[in-house]
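What follows is one structure encoded as structure tokens, with my remarks underneath.
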Amino acid sequence: MLENRDQLDVRVPTPVRERLRPVAEALGRRGLVLLCGFPASGKSTAAAYLRALCGAVVLDKDRFVPLLEEQVMEQLTGDRNDRDSDTYRTLISPGLYEGLIRTGLTAAAAAPVVLDAPFLSTIRNAHAAGRTLSEYVRGYPEAARSMPIVTVWLDTPADRIRARMIARGADRDAPKLAEWEAYRSAVLESGTREKACRACDVVIPS
């Protein structure tokens, strides 16, 4: 069931709403938003708010091909919720994110689209190439020159991420919470946040 604007106004903090409104206005009747951030940074709530503002289609990475992800990772590592191993990053993540971005760009030629995903590897790739994330995405053949593309980083403190993971109780968060300090060091404090703040068009504390 989709939440209406009034319901979302209660859930989305005022500073976040104020920063998201210009993003929705930039899309108009077509275009693409990459809504990026660490897991449990508030991306899904922000995506729902953008949908309420401009009628955007939201493509959520966790709902893109979840069964394929889970079945392949179970075969490869024995853990269907594995999203942090080198195996996932090397074999699954590149193709998954390319498919999500290319699908989003294709749809964004005709309608406003929000891609809801961490995009951590994409941000690192853009940084390595010396480009902003918007410039990097414009390198895809599906990106029309005139298409509006806005990249947003939801900047969330580690302790708030942990609290949100505990509150939502998702299976995919269990390995992170079980080895929290290792996850915090390897992912949240890996330098990706700093790259994201430089690479994204809009940075929103959340």
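Brief remarks on what is shown
- Looking across region 123-135, the residues that are free of Cβ contacts under 8 Å to residues at least 60 places away in the same chain, assigned to a helix (DSSP H, G or I) and under 17 Å from Pro94 (Cβ atoms) come down to Asn125, Ala128.
- Hey, Ala144 touching an Asp or Glu at 6+ places or on another chain (Cβ under 9 Å), in contact (Cβ under 8 Å) with a residue 12 or more places away in the chain and farther than 17 Å from Ala46 by Cβ or not: no
- Among the residues of region 64-117, those identified as assigned to a helix (DSSP H, G or I) and in contact with a strand residue (DSSP E or B) (Cβ under 8 Å, 6 or more places away or on another chain) are Leu100, Ile101, Thr103, Gly104, Leu105, Ala107, Ala108.
- Cβ-Cβ under 8 Å pairs, at least 6 apart or on other chains, region 149-177 side within 30 Å of Gly139 (Cβ to Cβ), far side surrounded by fewer than 20 Cβ atoms within 10 Å (Cβ to Cβ) and of a type in the set (S, T, N, Q): Ile149/Ser134; Val150/Ser134; Thr151/Thr132; Thr151/Ser134; Arg172/Asn81
- Lone unmet requirement of (1) touching a helix residue (DSSP H, G or I) at 6+ places or on another chain (Cβ under 9 Å); (2) surrounded by fewer than 18 Cβ atoms within 10 Å (Cβ to Cβ); (3) in a helix (DSSP H, G or I) for Ala167: (1)
- Among the residues of region 108-125, those that are surrounded by fewer than 18 Cβ atoms within 10 Å (Cβ to Cβ) and aliphatic (A, V, I, L, M) comprise Ala109, Ala110, Ala111.
Only the coordinates and a few stated rules stand behind these numbers; no lab work does. Please read all numbers here as calculations on a predicted model, not as lab measurements. Cβ sites come from the backbone with ideal geometry, for glycine too, and all protein chains shown count toward neighbours.
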